[in-house]
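K.L.:
Below is one structure. I have some questions about it.
The values are calculated or read from the model by the stated rules, or taken from the named source; none is laboratory data. Nothing here was measured: the structure is a model prediction, and the numbers come from that model. Heads up, the Cβs are rebuilt from the backbone with ideal geometry, glycines too, and the neighbour counts pull from every protein chain shown.
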Amino acid sequence: MRGHGFLLANYVPGSSLIHRTPLWLKFVVLAVCGVASFVVVDWVVPAIALGVFCLLFLCTGAGVRRLASAVWPVIPVLAAIGAFQWWQLGGPVAARIVFNVLVCVVAASVLTASTPVQVLLDGVASLARPFRRFGADPERFALTIAVMLRSIPFIAGAFADVRDSARARGLEHNPRARVLPVFITTVAYARQTGEALAARGLGEPDGD
């Protein structure tokens, strides 16, 4: 099963200003982007922000191809959403929604391209630590994020492999030939991941 990048860029080693920016500040910028997507009403602002974040992404050394790989998976969905919003609410609203989503995607890609996965997971665990008093388990939360980051490329790769196999057999328009193998592969992968975690004593609730 071949791996696939999906939505977020992989870490690119480097010593740029983006790499040296504190993780907490990157989290704050990402959070601001998410909040701004609901607050900003002028499409020009997210359009400018998108250009800035694309430049920041290139400053990490990830390159144009990785930027395209991070953005391309959401383009078909955004095209459909943009067309519908254009029809319902007009061009400026459609442009604002599309640009806001792209800003969030590229900003998240800047974070993952400039931050090692382990550092990122440690940061997530630190953010979740104040919620321990409410019964949250920061380490388990970070483990969940790690499993998700590992699983998404695998599932995306499963879709691509099954699609190529179905096309080779002339079944590219057969939903059963494309969906069922992915479902079986994903379930098997989930079971293997669960067994591997259990064998290492990870993800199990603490005993009383």
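K.L.:
Does ARG96 satisfy being more than 19 Å from the chain's Cα centre (by Cα), basic (Lys, Arg) and modelled with pLDDT of 85 or more? Walk me through how you get there before you give the answer.
P.N.:
Details: more than 19 Å from the chain's Cα centre (by Cα): yes; basic (Lys, Arg): yes; modelled with pLDDT of 85 or more: yes.
Spelling it out, ARG96 is indeed more than 19 Å from the chain's Cα centre (by Cα), basic (Lys, Arg) and modelled with pLDDT of 85 or more.
Yes or no, residue by residue, for (1) more than 24 Å from VAL12 (Cα to Cα); (2) surrounded by fewer than 13 Cβ atoms within 10 Å (Cβ to Cβ):
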site	(1), (2)
TRP43	yes, no
ALA49	no, no
LEU58	no, no
GLY61	no, no
ALA68	no, yes
VAL74	no, no
GLY82	yes, no
TRP87	yes, yes
